[in-house]
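Below you'll find the structure, written out as structure tokens, and then a few comments.
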Amino acid sequence: MKKIVLTISALLPLTLPAVANANQNIDFSNPVSTYSYANLGYDSDGFTVGIAASQDLNNGSTMLEYIGSNDFYQHNFIATLANSDSDAALQLDYLWDTDYKDTSKNSHAVFINAIKTTPIDSNFSLSPKIGVGLNNNDLSTNTSYLANAALTMTYAFTSVIWLDVTPEYTYSFNDQKQKVGGKESYRDLSIETNLGFKLAPNQFVEATYRYDENNDHHTGISYNMSF
């Protein structure tokens, strides 16, 4: 069955302190970029809010993110350690789903990811990402071990307009034995496209479309600001 999801994310700048630095010039098109932000969104699954804090280091930066989605049934915590010299980063990504498969059951997924951005020329760059992780949930009796690979291809039309395309594949090494029924394995291939437009050095809008092999479609638009 096809599923259409419309996501609209909007920042509420009036609720934030006036601490945005108008002189900062963040490359929002680079998946390795780290910055502090706050946002509020809504989609067909409910409200989404996100907040992040970033700290500069001698040779890079760190970023801690929290994203609550699906009317706060899903909680995503992400810790990033980025190296500015090599334009690479390590991520620890934890997702807690309190309504797994719409059953009001819990699911916990943890991934460790490595990502690096390599410029091909002044307009085009590649950002491969690989990760390993695990998942356990209340519907199964064992833990599933996972691997993930993605490649973000980014093209900057100008200094303020960019397009990226990301094919991503996730694979489970073992089956999960279901408490009711047989076994279940996880295979997922998706393609996501983002079109971004920088409004100011510290803010941008982005339109998103994602398709996966289950014939699910996801479209969205977001407004984002760093501070």
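Note on segment 116-227: enclosed strands (runs of 3 or more DSSP E) holding 1 or more residues that are more than 28 Å from G41 (Cα to Cα) and among the hydrophobic types (A, V, I, L, M, F, W, C) are 124-137, 144-156.
Here is a yes/no grid of residues against (1) of a type in the set (G, A, S); (2) surrounded by fewer than 16 Cβ atoms within 10 Å (Cβ to Cβ); (3) farther than 28 Å from Y171 by Cα:
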{"site": "N30", "(1), (2), (3)": "no, no, no"}
{"site": "N39", "(1), (2), (3)": "no, no, yes"}
{"site": "A52", "(1), (2), (3)": "yes, no, yes"}
{"site": "L57", "(1), (2), (3)": "no, yes, yes"}
{"site": "S69", "(1), (2), (3)": "yes, no, no"}
{"site": "F72", "(1), (2), (3)": "no, yes, no"}
{"site": "H75", "(1), (2), (3)": "no, yes, no"}
{"site": "A88", "(1), (2), (3)": "yes, no, no"}
{"site": "L95", "(1), (2), (3)": "no, no, no"}
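Which residues, counting only those in segment 53-101, are in contact (Cβ under 8 Å) with a residue 24 or more places away in the chain and of a type in the set (G, A, S)? Once the filter is applied, which keeps residues that are in contact (Cβ under 8 Å) with a residue 24 or more places away in the chain and of a type in the set (G, A, S), segment 53-101 yields G60, S61, S69, A82, S84, S86, A88, A89. In summary, A150 fulfils each of the numbered conditions (1) out of contact with any Ser or Thr (no Cβ under 6 Å at 6 or more places or on another chain); (2) modelled with pLDDT of 90 or more with the single exception of condition (1).
The set of residues in segment 157-214 being touching a Ser or Thr at 6+ places or on another chain (Cβ under 8 Å) and of a type in the set (V, I, T) consists of V165, T166, I191, T193, V205, T208. For the structure I just gave you, tell me whether I161 is without any contact (Cβ under 8 Å) to a residue 24 or more places away in the chain and of a type in the set (A, V, I, L, M). Spelling it out, it is not the case that I161 is without any contact (Cβ under 8 Å) to a residue 24 or more places away in the chain and of a type in the set (A, V, I, L, M).
The values are calculated or read from the model by the stated rules, or taken from the named source; none is laboratory data. Since we're looking at a predicted model, the values are computed, not measured. FYI the Cβ positions are ideal-geometry reconstructions off the backbone, even for glycines, and counts take in every protein chain you see.
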